[in-house]
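Only the coordinates and a few stated rules stand behind these numbers; no lab work does. This structure is a prediction, so every number in the text was calculated from the model and none was measured. FYI the Cβ positions are ideal-geometry reconstructions off the backbone, even for glycines, and counts take in every protein chain you see.
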Amino acid sequence: MDFDIIRAGRAVLHVTDLEKSRAFYEALGFIETASDDEQIFFRGLEEHNHHSLVLKKRESPAVEVISYKVKSEKDIDQLAAFYEKQGTELRWMEAGSQEAVGRALRIQDPSGLPVEYYAGMDQAERMIQKYHHHKGAKVQRIDHFNCMVTDVEKAYAHYSNDLGFACSEYTEGEEKKIWAAWLHRKPSVHDVAYMNGLGPRLHHIGFWLKDPMNLIDGCDVLASMGYGPAIERGPGRHGLSNALFLYLRDPDGHRIELYNGDYLTSDPDFKPVRWDLDDPMRQTFWGHEAPDSWFNEASEVLNVHSNKKVTLTEPKLKKRKPTFVT
C-alpha cells in the first residue's frame, strides 16, 4: 500500500426538492456553506473544510458518490495507478469542475459503489465556538458511511488488504461467513461499514454529535417542526460500536444516522470484536428490534461514468432479518 487515506470526507446526494431538503438539514443543525439553484453545500459545526454533504437537485433520489479524503495529490496518483493496474476504469474530476474541491479521482469499487478520492478542499470557518449558531442536534462532523453490498467478504478484502483499512468489529452468521464489517482509517470504530443485502446501495451516512443529549435535542426539534415521522429508529445504543444512535430519513428517503460515543481503535494490537448475527445485543444493546425498513430500504447509487443507477443484485449470503432469541 503506497497511499494514505485519511477518513470519510463527504457524500453527494441527489434530492428532488432543495427547499424541503434545506429545511430538514438546517433543523438538524447543519451549516450551509454555499448554495445556488441546483445544489447546497453543508458542513458540521467543527468542520474546517468547505462541506461534508452536497445536495444536488435532480429528478430522482440517488447517491452520486461517497468520498474519502487522502493526505496529498501524490496519494491520488498512486491510487489511480493501483486501480488502473487492477483494470478499473478511472474518471478524473479536474480542479474547478466541482465547487471547493481540488482534483479528484472517481471509480466504481469492486462492490459497485461510486467512490471518490480527493486531497484538497477549500477551507471554511469553524463554528465550534459560535454557540449562537448551534441548533437542532448540533451536528459536529461527518463520521462514516454504511453500505449494503452483495458480497461483504469481497468488500472487506479490498478495503483491508488493498487499501489499508483496519477492522474494528464484524458479524458472522451461521455460514461462518462475514455478514457485516466495520472498517476504519481514522482511529475510531469506522469510516465505512459493509452489510449483507441487496446492493450496491448506501444504507446511511453517519454524523458525529458532541454528546448524548444532542440526540434528544434533535428528536425534540424535529418533532416540534412536524418531522416526527422522519425518526425511523432510536434513540438507542448499539452493542456493536457501543455508540448511541438515532436514524432519520430525509425528505427523499436518504438515511442519516446521528452518532455519539464509540471508542479509540488506534493501538496496533487492537483485536477486532466478533458478534454473532443473532445476538440480540449486537444491533441494539438495550434489546429493542430495528424496524423492517432499516434492513430492507437504502439509497440507490449511480455509475460514476454513465451517471445511471447501478443495477441491484441479490446478496451472496442468505438475505434475512436477524432472528433474536430472547
Query raised in the report: residue 57: which aspartates and glutamates have alpha carbons under 16 Å from its alpha carbon, excluding same-chain residues fewer than 8 sequence positions away?
Result: 17, 19, 32, 36, 37, 38, 99, 250, 252, 300
Query - Inter-probe distance in nm under a simple model that places probes 7 Å from Cα toward Cβ, at residue 123 and residue 305 - result: 3.9 nm
Report task. Work out how much length residue 57 to residue 231 would gain on full extension: take 0.36 nm times their residue separation and subtract the Cα-Cα distance, in nm to one decimal. Result -> 60.3 nm
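May I have the convex hull volume per residue, in Å³, for the Cα set of the chain? Each step should come with its number before you reach the end.
Values: hull volume 42.8 nm³, N = 326.
Dividing the Cα hull volume of the chain by its residue count gives 131 Å³.
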Query raised in the report: For the range 64-116 and the range 201-238, what is the separation of their C-alpha centers, rounded to whole Å?
Result: 31 Å
Query raised in the report: Taking the Cβ-Cβ separation of residue 264 and residue 213 as r and a Förster radius of 25 Å, what is the calculated FRET efficiency to the nearest 0.05?
Result: 0.70
Requested in this report: Assign one of three labels to the range 173-326, namely rounded, prolate or oblate, based on the Cα gyration tensor with a ≥ b ≥ c the square roots of its eigenvalues; rounded applies when a/c is under 1.5, prolate when it is not and a/b is larger than b/c, and oblate otherwise.
Outcome: rounded
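Would the range 61-116 count as rounded, prolate or oblate if I go by the C-alpha gyration tensor, calling it rounded below 1.5 in a/c and otherwise prolate when a/b exceeds b/c, oblate otherwise? The partial results should precede the final answer.
Working: a/c = 1.84, a/b = 1.05, b/c = 1.75.
Here the range 61-116 falls in the oblate category.
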Query raised in the report: By how many nm would the segment from residue 161 to residue 95 lengthen if fully extended, with 0.36 nm per residue of separation less the alpha-carbon distance?
Result: 20.8 nm
Requested in this report: With a 10 Å radius around each residue's Cβ, average the other Cβ atoms per peptide and rank 85-93, 183-191, 263-271, highest first.
Outcome: 183-191, 85-93, 263-271
Query raised in the report: What does the helix-only formula give at 222 nm for the chain: each DSSP H stretch with n ≥ 4 adding -39500 (n - 2.57), the total divided by the residues, and the result rounded to the nearest 500 deg cm²/dmol?
Result: -4500 deg cm²/dmol
Report task. With a ≥ b ≥ c taken as the square roots of the eigenvalues of the C-alpha gyration tensor of the range 84-182, please select rounded if a/c is under 1.5 and otherwise prolate if a/b is larger than b/c or oblate if it is not? Result -> oblate
Query - Spacing of the two label points (7 Å from each Cα toward its C-beta) at residue 86 and residue 296, in nm - result: 3.3 nm
